[in-house]
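Notes to accompany the following structure.
Derivation of every value follows stated rules applied to the coordinates shown; laboratory data play no part. Note that the structure is predicted; figures quoted are calculated from it, not measured. No Cβ is skipped: glycine too gets one built from the backbone with ideal geometry, and neighbour counts run over all protein chains shown.
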Amino acid sequence: MLQDVVRDSPGEKVFLLGNEAIARGAIEAGIDVYAAYPGTPSSEVVDTLSEVCKLLKNRMEFYLEYSVNEKVAFEVAAGASMAGKRGMCGMKHVGVNVAADALFSFAYIGAKGGFVLLSADDPSMHSSQNEQDNRWYGKAAKVPVIEPTSPQEAKEYVARAFEISEKFEVPVIFRTVTRLNHASGIVELGEIPEKKLEKIDWDKNAQQFVMVPANARRRKPILLEKLKKIEEFFTRSDLNWIEGGDGKSGVIASGVGYRYAREALRRIGSDMPLLKLSTTFPLPNRLLEDFISNLERVAVVEELDPFVELHVKALAKDYGVEILGKENGYFPMNYEYNVAVAEKGIARMLGKNTTFDYDLALKRVAETSTLAPPRPPVFCPGCPHAASFYALKNVAGDEALPSDIGCYTLGVNKPFETVDITLCMGGGFGTANGLSRVVKNKVIATAGDSTFFHACIPPLINAIYNRANVLFIVLDNSSTAMTGHQPHPGMDKRGCGETTNSVRIEDVAKGLGVEFVEVVNPYNLKRMEKAIQDALNHEGVSVIVARQLCAILWNRERKRKGVKIIPFRITEDCVQCLKCVTSFACPAIMYDGENIWIDEAMCAGCGVCVQVCPVNAIKSTAVRAK
């Protein structure tokens, strides 16, 4: 709860979401700047801080922004750090790919004020296009990685990350996973510092801050020396510890894997030694050697890649210790773990049976789940993207249809089937450039408004400069909808609820030199279809902005203003052609195999279905009232 995040009661215990705990940790650490591009599972951190900064105004001041993308967010926080202030940025795991250019060079520069990069990884890809393990970024960029294992540690370790960053003058990656970000737990509160965000004089230091080759060559050995000191520090740090008794078998676990391993050992009834790692780069070699040197076999419990496992295997060769992990099949290589996964691997190492037949339970769950009706993800009732894709399908033939990442990616599903490619943020516009050179078909790329500002402007410029023949449709629902309706530059609000001047997508396109630019409300299907057809007839780059507020926000806005939402109904004129069901598939339209009707409680009153019906059998309920 937001009230608990700002509660000024040191020692009191409250129940917080993992992301709320991270936000609280940033507050207790006296953060000066937080910048982020929202991405699940990290979004609630910036959203919480955006609300908190209003409540803590004139008491604990910091600057917060929703940045245009992750690279900019990183650079905003890095700028604060280089000036001597505490800067933090947040993003999901694939967002670090966008920020990586800045990360690698900033590692050479080093932090002056504390710098923390929150990387929220997504095992099992609940909301992501891949399952990358961002601990590798720590190793590749040569910066330390810290992993909390609980909401309490998530709060505490933010401050520790800042302290380590300032002690060794390095950026720190604070790596979490979905089950931690979105789990809730008891968190003991610390003090909220009283501070003003006061500007300071800039201290010039070109030899450190300007990464021309000569300076970079001087800075790399310094970074390597820092890593040696950090490794020694991590060996002694209370962020890592050993628990349990004696025995010839042991377990090493990192991140939330530690919680699973600990519970698995309790279920098995084993008190074998357990090494808990919260610093996964640089790994504390001496601590690891001390742990494995007296054992015969060690299981490594970690999600995603065998990051710790490979390192421990290299050390184990000198001690004749058998390492059991992902590479020899004791633990799965893919997806997120749970207690059952940990127990199965550890029990197998011990030659024991698990305390429960998990495989049988999973089989029964799979059998039972087949009895439930399928619930594929669908557009919300009244979603303007559904109208846009319906119009696009009516006009499009065999066009190539690259798209992007957002709610609108659902356009890949039936009945729309208007998404052929989804690669990465901005990838729809980028791949459209290449497709236009090698396919006979017309190319129509779609992307959302937040994605447009994030990563679509460079490929749009590229298309203009290289005279590509492509149609770009920006699906503008005036929100970063998929991650929780956060603001972006196309809106007149920003972080902390402050107002600003919006950047109009059509103005950007016209300013770049696009000759065909049209703004359309997709609820008007005929107008939308005509705009698409006119754009396809235009030679060169064309841009359509399909602008209509996200249905969820539209409903909220009308309710807030006291405007009654008038739903639609299906009349006796219906001939059950089922076009509204099979071609438009609004979730508010119900069909049970015999009867067809509109659930008035779900209907957003957009009226698109009226235009879809070929026999004019859908009417407003207001007409019936007369």
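Rg and Dmax over the alpha-carbon atoms of region 56-182 stand at 13.9, 42 Å. Extension gain for S502-E198 works out to 106.7 nm (0.36 nm per residue, less the C-alpha to C-alpha distance). For region 168-237, trypsin sites (Lys or Arg not before Pro) are listed when DSSP marks them as loop and at most 12 other Cβ atoms sit within 10 Å of their Cβ; the list is K196, K199, K204. Label positions at A216 and R375, each projected 7 Å from the Cα along the C-beta direction, are separated by 5.0 nm. Once C-alpha pairs closer than 8 Å and six or more residues apart are averaged by separation and normalised to the residue number of region 241-369, the relative contact order reads 27 percent.
The loop-placed chymotrypsin sites (Phe, Trp or Tyr not before Pro) in region 228-323, going by DSSP, that have at most 16 neighbouring Cβ atoms within 10 Å of their Cβ come out as Y319. The largest-to-smallest principal axis extents of the Cα set in region 510-586 are 48, 37, 15 Å. Taking every DSSP helix (H) stretch of at least 4 residues in the chain, weighting each as -39,500 (n - 2.57) and dividing the sum by the residue count yields a mean residue ellipticity at 222 nm of -11500 deg cm²/dmol.
If you look at the Cα atoms of region 2-236, you get an Rg and a Dmax of 16.8, 52 Å. Taking every DSSP beta bridge that has both ends in the chain, the antiparallel portion is near 25%. With neighbours defined as other Cβ atoms within 10 Å of a residue's Cβ, the residues F115, F281 order from fewest to most as F281, F115. If you take all other residues with their beta carbon under 14 Å from the beta carbon of P213, and give Lys and Arg +1 and Asp and Glu -1, the sum is +4.
Here's the list of aspartates and glutamates a cross-link from K393 could span, going by alpha-carbon distance under 19 Å and ignoring same-chain residues fewer than 8 apart: D404, E417, D420, D476, E518, E529, D534. Helix 525-537 axis versus longest C-alpha principal axis of the chain: approximately 80°, rounded to the nearest ten. Within straight-line reach of K344, meaning a Cα separation under 18 Å, sit the following lysines at least 8 residues removed in sequence or on another chain: K326, K352, K363. The mean of 1/r over all distinct Cα pairs in region 384-558, once inverted, gives the Kirkwood hydrodynamic radius of 15.9 Å. Centre-to-centre separation between the Cα atoms of region 435-509 and those of region 178-220: 30 Å. For region 241-369, the share of DSSP beta bridges that are antiparallel, to the nearest 5, is 20%. Phi angles across region 401-411 convert, under the Karplus curve 6.51 cos²θ - 1.76 cosθ + 1.60 with θ = phi - 60°, into 3J(HN,Hα) values of 10, x, 9, 9, 10, x, 4, 5, 4, 5, x Hz, Gly and Pro given as x. Using a cutoff of 8 angstrom between alpha carbon atoms and counting only pairs six or more residues apart, the relative contact order for the chain works out to 11 percent. Remark on I252: its backbone amide H falls under 5 Å from those of L275, A299, V300, V301, a criterion applied only to residues 5 or more positions apart or on other chains, H modelled at 1.01 Å from N.
Against the main long axis of the alpha-carbon atoms of the chain, helix 213-236 sits at an angle near 60°. Shown here for region 132-206: chymotrypsin sites (Phe, Trp or Tyr not before Pro) in loop regions (DSSP other than H, G, I, E, B) with at most 11 other Cβ atoms within 10 Å, namely W202. In this structure the amide hydrogen of M491, modeled in the peptide plane, comes within under 5 Å of the amide hydrogens of V503, none closer than 5 places in sequence on its chain.
Remark: the chain carries a charge dipole of roughly 820 debye about the Cα centre, counting +1 on each Lys and Arg Cβ and -1 on each Asp and Glu Cβ. According to the square roots a ≥ b ≥ c of the eigenvalues of the Cα gyration tensor, what is the shape class of region 268-313, taking rounded for a/c under 1.5, prolate for a/b larger than b/c otherwise, and oblate for the remainder? Since a/c reaches 1.5 but b/c is at least a/b, the shape of region 268-313 is classed as oblate. Maximal additional length on extending the Q533-T571 stretch stands at 10.5 nm, based on 0.36 nm per residue less the C-alpha distance. The mean sequence distance of close C-alpha pairs (under 8 Å, at least 6 residues apart), as a share of the length of region 564-625, puts its relative contact order at 49 percent. Take every DSSP beta bridge with both residues inside region 2-236 and express the antiparallel ones as a percent of the total, to the nearest 5. Approximately 20 percent, going by the DSSP bridge assignments. How far is helix 93-109 tilted, in degrees, relative to the longest principal axis of the Cα atoms in the chain, given as a value from 0 to 90 rounded to the nearest 10? Approximately 50 degrees, to the nearest ten. The Cβ shell under 12 Å around H538 holds other residues with a net charge of -3, Lys and Arg each +1, Asp and Glu each -1. Computed over Cα pairs, the Kirkwood radius of the chain leads via Stokes-Einstein (1.306 mPa s, 10 °C) to a diffusion coefficient of 59 µm² per second. For L189, neighbours were defined as the other residues whose beta-carbon sits under 12 Å from its Cβ, and their charges (Lys and Arg +1, Asp and Glu -1) total -4.
For the cross-link pairs K195/K229; K195/K226; K71/K112; K442/K526; K526/K564; K57/K85, the ones whose C-alpha atoms lie over 23 Å apart are K195/K229; K195/K226; K526/K564.
Once the mean of 1/r is taken over each pair of separate Cα atoms and inverted, region 241-369 shows a Kirkwood hydrodynamic radius of 14.8 Å.
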